[in-house]
1. Under 8 Å between Cβ atoms, at least 6 apart or on separate chains: pull out the pairs that start in segment 107-128 with a residue that is under 10 Å from Leu275 (Cα atoms) and of a type in the set (Ser, Thr, Tyr) and end on any residue that is open to solvent by 80 Å² or more (accessible area, probe 1.4 Å) and outside any loop (DSSP other than H, G, I, E, B).
2. Out of (1) in a helix (DSSP H, G or I); (2) closer than 18 Å to Gly213 by Cβ, the odd one out for Cys268 is which?
3. Residues that are in contact with a helix residue (DSSP H, G or I) (Cβ under 6 Å, 6 or more places away or on another chain) and touching a residue at least 40 places away in the same chain (Cβ under 8 Å): does segment 189-197 have at least one?
4. I'd like to verify a number: residues in segment 224-241 that are in a strand (DSSP E or B) and either among the charged types (D, E, K, R) or open to solvent by 10 Å² or more (accessible area, probe 1.4 Å) (or both), how many?
5. Scan segment 206-223 for residues that are over 26 Å from the mean Cα position of the chain (by Cα) and either surrounded by fewer than 22 Cβ atoms within 10 Å (Cβ to Cβ) or outside any strand (DSSP E or B) (or both) and jot them down.
6. Cβ-Cβ distance below 6 Å, separation of 6 or more or different chains: which pairs start in segment 245-269 with a residue that is within 20 Å of Pro117 (Cα to Cα) and end on one that is at pLDDT 95 or above and of a type in the set (Val, Ile, Thr)?
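The values are calculated or read from the model by the stated rules, or taken from the named source; none is laboratory data. These numbers come from a predicted model, not from an experiment. Virtual Cβ from ideal backbone geometry, glycine too; neighbours counted across all protein chains shown. Areas reflect the complete protein model, heavy atoms only, side chains present, ligands, DNA and RNA absent. Shrake-Rupley method; radii C 1.70, N 1.55, O 1.52, S 1.80 Å.
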Amino acid sequence: MADDLGDEWWENQPAGAASSPASDGEGGGDTAMTQQETAPVPALSKKTKQPKECFLIQPKETNEDATKTRKRKKKKITDVLAKSEPKPGTPEDLQKLMKDYYSSNRSVIELEELTLPDLCFLKANDLTHSLSSYLKEICPKWVKLRKNHSEKKSVLMLIICGSAIRALELIRSMTAFKGDSKVMKLFAKHIKVQEQVKLLEKRVVHLGVGTPGRIKELIKQGGLNLNPLKFLVFDWNWRDQKLRRMMDIPEIRKEVFEILEMGVLSLCKSESLKLGLF
């Protein structure tokens with residue numbers, strides 16, 4: 001009877017009652033083992049937190065920030081020129097530009113042949129002159145030269161500048177110098193090269209003001225003969241809205257050097273032509 005009651009009592013007990021604190025030492029041992037097994041869990045959680053403290057992402061952001069900083073700090077040519085004091089052009093500047101331009105495809109002997117004699121250079125503008133005052137200084141006998149000039153398809157003085165707009169400005173600013181001289185616009189804007197060739201064939205022109213591209217084309221087509229030319233003046237020091245001088249623009253610089261090789265260099269060496277930097 002007692003055994004039946006004992007069996008019935010154990011069957012009616014809730015699950016896990018055998019591992020109650022009143023249990024023997026074996027039950028306590030199971031609890032201890034369970035605690036030991038669950039003890040490493042915090043360590044695992046620490047390991048899972050470690051990637052959150054990783055700094056692999058930060059260098060990427062630093063590099064991007066550094067790149068942006070470099071882009072902001074990068075100086076433009078206009079910024080450099082704006083802060084620099086304007087310096088008047090010198091014959092040495094022209095000589096250096098020519099050497100730099102031809103050094104890659106010319107031999108040493110050919111480079112020496114391109115050197116201009118010092119005697120062919122007129123006094124350069126020191127940035128205190130207007131165009132009229134500068135031309136009067138370099139050519140005090142202009143009136144006499146103008147009266148004696150009668151050859152067509154040629155000019156006595158050629159002024160080369162960077163644009164058609166600048167050429168018009170120069171023509172307006174030289175009123176005090178030109179007097180009764182015949183002046184011709186030698187640029188491409190609104191004027192065809194054939195029209196300019198015909199005009200040069202029909203009348204005597206004393207002064208030509210224009211761009212190197214159109215002047216080069218007129219020489220190539222035989223519309224402009226350089227032999228009677230006495231003065232070649234470069235609009236050297238003037239700067240455009242981007243603070244670039246005429247010779248700072250690669251296309252214009254290339255055309256200027258091509259003109260020099262089309263007869264200007266030989267005329268300078270024969271001392272029949274003088275160069276001026278305005």
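1. none
2. Condition not satisfied by Cys268: (2).
3. no
4. The total comes to 2.
5. We begin by selecting, within segment 206-223, every residue over 26 Å from the mean Cα position of the chain (by Cα); these are 206-209, 217-223.
His206, Glu217, Leu218, Ile219, Lys220, Gln221, Gly222, Gly223 - these are the residues of segment 206-223 that are over 26 Å from the mean Cα position of the chain (by Cα) and either surrounded by fewer than 22 Cβ atoms within 10 Å (Cβ to Cβ) or outside any strand (DSSP E or B) (or both).
6. Between residues of segment 245-269 that are within 20 Å of Pro117 (Cα to Cα) and residues that are at pLDDT 95 or above and of a type in the set (Val, Ile, Thr), the close pairs are Met262/Ile219.
Each row is one residue, and each column tells you yes or no for (1) open to solvent by 10 Å² or more (accessible area, probe 1.4 Å); (2) assigned to a helix (DSSP H, G or I).
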{"residue": "Ala124", "(1), (2)": "yes, no"}
{"residue": "Glu151", "(1), (2)": "yes, no"}
{"residue": "Val155", "(1), (2)": "no, no"}
{"residue": "Ile191", "(1), (2)": "yes, no"}
{"residue": "Glu195", "(1), (2)": "yes, yes"}
{"residue": "Val204", "(1), (2)": "yes, no"}
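Table: residues versus (1) closer than 30 Å to Glu110 by Cα; (2) modelled with pLDDT of 95 or more; (3) buried (at least 18 other Cβ atoms within 10 Å of the Cβ).
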residue	(1), (2), (3)
Ala167	no, yes, yes
Leu243	no, no, no
Leu265	yes, no, yes
Leu275	yes, yes, yes
